[in-house]
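Remarks on the structure that follows.
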Amino acid sequence: MTLTSDEAKFVEFLKSFSQFYWPSHKIAENSKGISILPHDGDKNEFKMYALDEICHSCSIFKEGGVWFTPKTTDAIWYKKENDNFFIFLIEFKGDLLCRTSSKCSLVEVVDSLKSKNYYDELSSEINSLDKIVDKYSDRLLNGLASKPLETVTIALPLIYEEYYNNNNVEYLDIRKFLTSSRIIYRVVSISEDYEPNRQRTRGRSYRCSNMIPSACKKLARERHDRELDASYESSLQTYHRRYEKAGIVFSAGFVDNIAFNNFIENYLK
């Protein structure tokens, strides 16, 4: 693989974080050390860079004793194919995000009340609940929606700035380079066929949040969107399409945890 000068600079930038060059299954571990990726035999041993860990190692995100880290994807990798330079951003999520997943019990309550013709009796209450649903959104969805945006536009440029300032290296216009590269974003979540399948949806653990970044709203929200009515996967697809259209990512999509080793073999290697 022959790299251009800028591509070589980017690769050297990533290689400077060799302490965070980890096997995929390790990057996919939660805080309890449990990985969502099967790693029997040599499955999911492919190494990438743990971007969250890189972020937390950079002093640029620290003010006094407080960390202000952007929402980054879990892993980053690169690949040169013909004349195209690909950057892979991978997010591992130990939840069931498929089309059949349940997102918010409040939406289900409102829909149930409407379907059972309680509107005349409870019109004021139903309207109030509708306002809550329209104003607040799911924190998990907000986080997943903003990760590729903040990774590309905030995290990587700032990490590179610190790297450049601390090392005697040739300068790379990182923002221009990211724009010209083909960025592939994939969310890896629990398969419905996974054993053990934790069947984790957010019906019970739902948390309201209206803290979605303004840039994210501009690119990925429209008035008629009612994101809580849909599954996580279908809601995120709306964001992904608009990020692709805005040129932030070249391609965005989903891979379930059982199929990720095939994704490694077919795309990452």
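The values are calculated or read from the model by the stated rules, or taken from the named source; none is laboratory data. Nothing here was measured: the structure is a model prediction, and the numbers come from that model. All Cβ positions, glycine included, derive from the backbone under ideal geometry; neighbour counts span all protein chains shown. Keep in mind that these areas ignore ligands, DNA and RNA; they rest on the heavy atoms of the full protein, side chains included. Shrake-Rupley method; radii C 1.70, N 1.55, O 1.52, S 1.80 Å.
For the range 17-51, taking the residues that are within 16 Å of the chain's Cα centre (by Cα) and at pLDDT 95 or above, the one that is farthest from Ala259 (Cα to Cα) is identified as Leu51. Here is the figure for the range 52-82: residues that are within 20 Å of Asn257 (Cβ to Cβ) and in a strand (DSSP E or B) total 3.
Can you tell me which residue within the range 139-180, out of those that are part of a loop (DSSP other than H, G, I, E, B) and of a type outside the set (Val, Ile, Thr), is most open to solvent (accessible area, probe 1.4 Å)?
So in the range 139-180, the residues part of a loop (DSSP other than H, G, I, E, B) come out as 167-173.
Add one more test, that the residue is of a type outside the set (Val, Ile, Thr), and what stays is 167-168, 170-173.
On the way: Asn167: 74, Asn168: 162, Glu170: 133, Tyr171: 129, Leu172: 1, Asp173: 73 Å².
Checking each candidate, the answer is Asn168.
Of all residues in the range 193-200, at least one satisfies being open to solvent by 10 Å² or more (accessible area, probe 1.4 Å), at pLDDT below 90 and either in contact with a Phe, Trp or Tyr (Cβ under 6 Å, 6 or more places away or on another chain) or within 30 Å of Lys131 (Cβ to Cβ) (or both). None of Glu91, Glu125 is in a helix (DSSP H, G or I), among the charged types (D, E, K, R) and at pLDDT 75 or above except Glu125.
Please enumerate the residues belonging to the range 241-269 that are assigned to a helix (DSSP H, G or I) and open to solvent by less than 10 Å² (accessible area, probe 1.4 Å). Give the steps one after another, and end with the answer.
Taking the range 241-269 first, the residues assigned to a helix (DSSP H, G or I) are 241-246, 257-268.
Matches in the range 241-269: Tyr243, Asn257, Phe260, Ile264, Leu268.
Tyr232 satisfies every condition listed in (1) at pLDDT 90 or above; (2) touching a Leu at 6+ places or on another chain (Cβ under 9 Å); (3) of a type outside the set (D, E, K, R) except (1). Of the residues making up the range 17-33, just one is in contact (Cβ under 8 Å) with a residue 40 or more places away in the chain and surrounded by fewer than 16 Cβ atoms within 10 Å (Cβ to Cβ), namely Asn30.
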